[in-house]
Amino acid sequence: MAEEPKPRENKEEKKMVYTYPLCRHSDMPEETKLEVMEYVVTACEKFTGNNEAAAKMIKEEMDKKYGPPFHVVVGEGFGFELSYELNNLLYMFFGGNLAICIWKC
């Protein structure tokens, strides 16, 4: 008796799209990190297509809450190397491929 051929499985890797905030690296205290991630989610949801406005909103909140000078980059496909004040760095992703980097000098 001949066996029926099995259908070929698609061996391509499936790309995972994360719709929740994903912290890639942070040296902030846990409580501060969670609060900052909430600011980021709020700003990115409010300014879906405008990364510059989202970055400005996040920066203003961070400067008001934790004191200046914070720097914020919101976008896709960027690399960075920076100097920062200890316990003041957060690098995260939101909505799949939108990266957010927040640091204080």
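The values are calculated or read from the model by the stated rules, or taken from the named source; none is laboratory data. This one's a predicted model, so the numbers in the text were calculated from it and none came from an experiment. Glycine gets a Cβ as well: all are built from the backbone with ideal geometry, and neighbour counts include every protein chain shown.
Name the single residue that is farthest from Pro29 (Cα to Cα) among those in the stretch 88-105 being part of a loop (DSSP other than H, G, I, E, B) and touching a strand residue (DSSP E or B) at 6+ places or on another chain (Cβ under 9 Å). Only one residue fits best here, namely Cys105. Scanning the stretch 73-85 for residues that are under 23 Å from Gly49 (Cβ atoms) and charged (D, E, K, R) yields a single hit, Glu76.
Taking each residue of the stretch 22-36 that is under 18 Å from Phe80 (Cα atoms) and looking for partners that are in a helix (DSSP H, G or I) and charged (D, E, K, R) with beta-carbon atoms closer than 7 Å, six or more apart or interchain, yields Cys23/Lys33; Ser26/Lys33.
Within the stretch 68-85, being part of a loop (DSSP other than H, G, I, E, B) and either under 19 Å from the mean Cα position of the chain (by Cα) or under 18 Å from Ser26 (Cβ atoms) (or both) holds for Glu76, Gly77, Phe78, Gly79, Phe80, Glu81, Leu82, Ser83, Tyr84, Glu85. Inspect the stretch 37-52 for any residue being among the basic types (Lys, Arg) and farther than 19 Å from Cys105 by Cβ and give the result as yes or no. Checked against the condition, which is being among the basic types (Lys, Arg) and farther than 19 Å from Cys105 by Cβ, the stretch 37-52 yields at least one hit. Filtered by the rule that a residue be closer than 16 Å to Glu76 by Cα and touching a residue at least 12 places away in the same chain (Cβ under 8 Å), the stretch 44-63 gives Cys44, Asn51, Glu52, Ala54, Ala55. Scanning the stretch 86-103 for residues that are within 18 Å of Thr48 (Cα to Cα) and among the aromatic types (Phe, Trp, Tyr), we see that the one that is farthest from the chain's Cα centre (by Cα) is Phe94. Just one residue in the set Gly77, Gly95, Gly67 is on the phi > 0 side of the Ramachandran plot and in contact with a Cys (Cβ under 7 Å, 6 or more places away or on another chain); that residue is Gly95.
Of everything in the stretch 1-53 that is of a type in the set (Lys, Arg) and at pLDDT 70 or above, the residue that is nearest to Asp63 (Cα to Cα) is Lys33.
Scoring Trp103 on the criteria (1) in contact with a Phe, Trp or Tyr (Cβ under 7 Å, 6 or more places away or on another chain); (2) free of Cβ contacts under 8 Å to residues at least 12 places away in the same chain leaves a single failure, condition (2).
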